[in-house]
Amino acid sequence: MWPLKALGTMSFMVLFFWAYFAVLHNPLTPPFVMPVTWLDTWIGFSPSAFPAYVSLWVYVSLAPALIGSLRALLLFGLWIAWMCLFCLAIFWLFPTSTPPFSLDWNAYPGFALIKGMDAAGNAFPSLHVASAVFSALWLGRVFTKLDAPKALQWLSALQCSVIIWSTIATRQHVVLDAIGGVVVGVVFAVLSFRQTRGTY
């Protein structure tokens, strides 16, 4: 099913970004600025987090690439689409933004590109984190079905954790956004598993 998977993944991402930026630039009300906690200060800003942050777009493609059942593949796409629509509805109805951190983004060209495209809005819950968690749980399920080495499970969990850290360390999100994203990702993954039991 490689042609279907390649075309489906690419089409999904194009449609998602179109909807994401439409909501980002047209919030229903002025965004609420998310508060900074002591954990945000403790984690701090890290330029090295940039590769981990952008690695999400490869990571979220792994689960559908490994799914062997057409039914499971379609249900995976349906449930991650529902999750994205759920978060986009929150972003539009209850817009939030990250605080204006006192950093010179021009000193970090990669970050300047992200900041130029992805403004400080659409903060809570972090859809970046939700997508990583949803994908990690699905990858874990697929690896179990395939009787893959446990090391792959641990590597996937580590990559998911690094992506979550990167959303805070790049100052794209604050800790509360990340926590919200974890909850959303877990809830939608669990709901999707109920419908796809026995398939992968």
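Compute the signed sum of charges (Lys and Arg +1, Asp and Glu -1) over the other residues within less than 13 Å, Cβ to Cβ, of residue 46. Numbers along the way, then the final one.
Values: positive: 171; negative: 40.
Net charge around residue 46: 0.
Give me a comma-separated list of calculated 3J(HN,Hα) values for region 33-40, in order, Karplus coefficients 6.51, -1.76, 1.60 applied at θ = phi - 60°, integers in Hz, x for any Gly or Pro.
After applying 6.51 cos²θ - 1.76 cosθ + 1.60, I find 7, 5, x, 8, 9, 5, 5, 4 Hz.
Work out, step by step, the length gained on full extension between residue 37 and residue 4: first 0.36 nm times the residue separation, then minus their alpha carbon distance; give nm to one decimal.
Working: separation 33, 0.36 × 33 = 11.88 nm, distance 4.34 nm.
Taking 0.36 nm per residue and subtracting the Cα distance, the gain is 7.5 nm.
Using +1 at the C-beta of Lys and Arg and -1 at the C-beta of Asp and Glu, which of 174, 99, 164 has the Cα lying farthest in the positive direction of the dipole of the chain?
Toward the positive end, the furthest listed residue is 164.
With only Lys, Arg, Asp and Glu charged, each at its Cβ (+1 for the first two, -1 for the last two), find how big the charge dipole of the chain is about the Cα centre; round to the nearest 20 debye.
With only Lys, Arg, Asp and Glu charged at Cβ, the dipole is about 660 debye.
If Lys and Arg each add +1 and Asp and Glu each add -1, what is the summed charge of the other residues whose beta carbon sits under 15 Å from the beta carbon of residue 164? Don't skip to the end; give the middle numbers.
Numbers: positive: 171; negative: 40, 177.
For residues surrounding residue 164, the net value is -1.
Which FRET efficiency, nearest 0.05, do residue 81 and residue 144 yield, Cβ-Cβ r, R0 25 Å? Provide the component values of the computation, followed by the final result.
Details: r = 24 Å, r/R0 = 0.96.
So, using R0 = 25 Å, E works out to roughly 0.55.
State in Å² the accessible area per residue of the chain; use a 1.4 Å probe, count heavy atoms of protein chains only, and round to the nearest integer.
On a per-residue basis, 52 Å².
The values are calculated or read from the model by the stated rules, or taken from the named source; none is laboratory data. Since this is a predicted model, take the numbers as computed values, not measurements. All Cβ positions, glycine included, derive from the backbone under ideal geometry; neighbour counts span all protein chains shown. The area values use the complete protein model at the heavy-atom level, side chains included, leaving out ligands, DNA and RNA. Shrake-Rupley method; radii C 1.70, N 1.55, O 1.52, S 1.80 Å.
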